[in-house]
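One structure below.
The values are calculated or read from the model by the stated rules, or taken from the named source; none is laboratory data. Bear in mind that the values here come from a model prediction, so they are computed numbers and not experimental data. Ideal geometry is used to build each Cβ from the backbone, glycine not excepted, and the neighbour counts take in all protein chains shown.
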Ligand code: GDP
Ligand code: ZN
């Protein structure tokens with residue numbers, strides 16, 4: 001496998017050179033399955049695991065290899081297996097708050113150039129959810145492209161296309177059908193060799209169908225990887241990162257139900273640049289745009305310049321982020337206190 005087809009470039013070569021000089025080879029993660037991975041290297045594809053040292057020195061789940069990560073490895077078992085020693089610094093990533101009660105970052109995929117935000121033009125179509133995705137994509141400095149799929153189910157989609165375009169200036173939006181292949185050439189023309197494209201969106205919107213269409217039947221057939229699970233059973237897993245024959249990688253992100261924000265200040269500013277701009281005319285510099293007098297944002301809502309739904313969604317996400325921030329601060333405060341206590345105990349013992 002020519003690593004260039006996977007996106008390997010001079011910058012990565014430079015970053016990797018000290019690791020290369022101590023004898024490591026490089027690979028890119030194509031499947032993450034709890035603590036087991038599949039990677040592709042210059043010589044092909046193989047299963048991989050992280051070293052015990054890696055496991056014990058990692059502070060958080062986000063530091064473990066993710067689909068799209070470049071990793072420094074050593075090969076064993078006649079080059080049939082790999083051990084991951086290090087994850088190379090990520091150029092970009094796509095993260096959310098890990099589902100559940102805790103407050104931890106979950107990295108969905110790493111080293112992305114473009115994220116296709118997929119919605120289908122049936123009941124899944126939702127501008128507010130789209131705004132949430134846009135915030136998360138912008139936060140990670142990845143270019144978003146909106147894909148409205150299933151045009152065959154909604155022939156009158158022009159208004160919806162316009163509504164999405166109106167969310168942000170310069171937002172690329174394409175309408176396609178993975179069933180009839182309508183619009184697929186436009187989508188294909190956006191795929192660049194050496195770039196990595198992730199597909200995100202609710203389950204059932206057609207992400208896998210689109211990837212299959214773009215990759216072609218042949219790749220689809222080889223996308224399944226035979227594995228032996230922890231109980232020794234044979235299982236098949238779908239590869240999440242697919243390398244196109246012409247170069248370029250497509251990443252599927254299956255099973256994302258919840259989409260809770262993870263630190264997204266910049267993403268908010270960029271996605272809601274209109275509100276940001278309007279708010280410079282608010283009377284108070286720390287205006288919360290909820291009840292203050294002479295609030296320019298409230299005035300824009302009243303005049304209809306700023307759509308009510310967009311404004312409400314903005315407030316909702318702001319609130320979510322504020323809650324996230326106070327909880328994280330509280331948690332790190334408690335963690336600090338816990339560490340201080342241990343330290344004191346140890347000092348007292350001396
Ligand atoms: P994913 O969960 O986002 O990967 O969605 P899938 O690719 O598995 O598709 C979910 C369902 O929608 C499947 O039954 C597909 O056949 C169907 N589907 C995908 N794209 C289209 C489309 O453009 N039009 C129609 N009518 N159905 C589609
Ligand atoms: Zn205001």
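Being in contact with a strand residue (DSSP E or B) (Cβ under 6 Å, 6 or more places away or on another chain) and assigned to a helix (DSSP H, G or I) is the requirement here; does residue 186 meet it?
yes
All but one of (1) crowded, with 21+ Cβ neighbours inside 10 Å; (2) under 16 Å from the mean Cα position of the chain (by Cα) hold for residue 91; which doesn't?
(1)
Out of all the residues in the stretch 146-154, is one or more over 22 Å from the mean Cα position of the chain (by Cα), closer than 22 Å to residue 209 by Cα and not in a helix (DSSP H, G or I)?
So far as the stretch 146-154 goes, yes, one or more of its residues are over 22 Å from the mean Cα position of the chain (by Cα), closer than 22 Å to residue 209 by Cα and not in a helix (DSSP H, G or I).
Please go through the stretch 1-25 and give me each residue that is under 27 Å from residue 114 (Cβ atoms) and part of a helix (DSSP H, G or I), ordered by number.
Within the stretch 1-25, 3, 4, 5, 6, 10, 11, 12, 13, 14, 15, 16 qualify.
Under the condition of being more than 21 Å from residue 143 (Cα to Cα) and crowded, with 19+ Cβ neighbours inside 10 Å, which residue from the stretch 257-286 is farthest from ligand 1 (Cβ to nearest atom)?
Out of the qualifying residues, it is 282.
When you scan the stretch 110-136, how many residues do you find that are within 16 Å of ligand 1 (Cβ to nearest atom) and either part of a helix (DSSP H, G or I) or out of contact with any helix residue (DSSP H, G or I) (no Cβ under 7 Å at 6 or more places or on another chain) (or both)?
Number of matching residues: 8.
When you go through 7, 27 one by one, which is the residue that is under 23 Å from the mean Cα position of the chain (by Cα) and modelled with pLDDT of 95 or more?
From the options 7, 27, the qualifying one is 27.
Could you tell me whether residue 310 is modelled with pLDDT of 95 or more, in a helix (DSSP H, G or I) and closer than 21 Å to residue 128 by Cα?
In short, yes.
Would you be able to say whether some residue in the stretch 37-56 is within 15 Å of residue 264 (Cβ to Cβ) and crowded, with 17+ Cβ neighbours inside 10 Å?
So far as the stretch 37-56 goes, no, none of its residues is within 15 Å of residue 264 (Cβ to Cβ) and crowded, with 17+ Cβ neighbours inside 10 Å.
Which residues, taken from the stretch 246-256, are more than 16 Å from ligand 1 (Cβ to nearest atom) and either modelled with pLDDT of 95 or more or not in a loop (DSSP other than H, G, I, E, B) (or both)?
249
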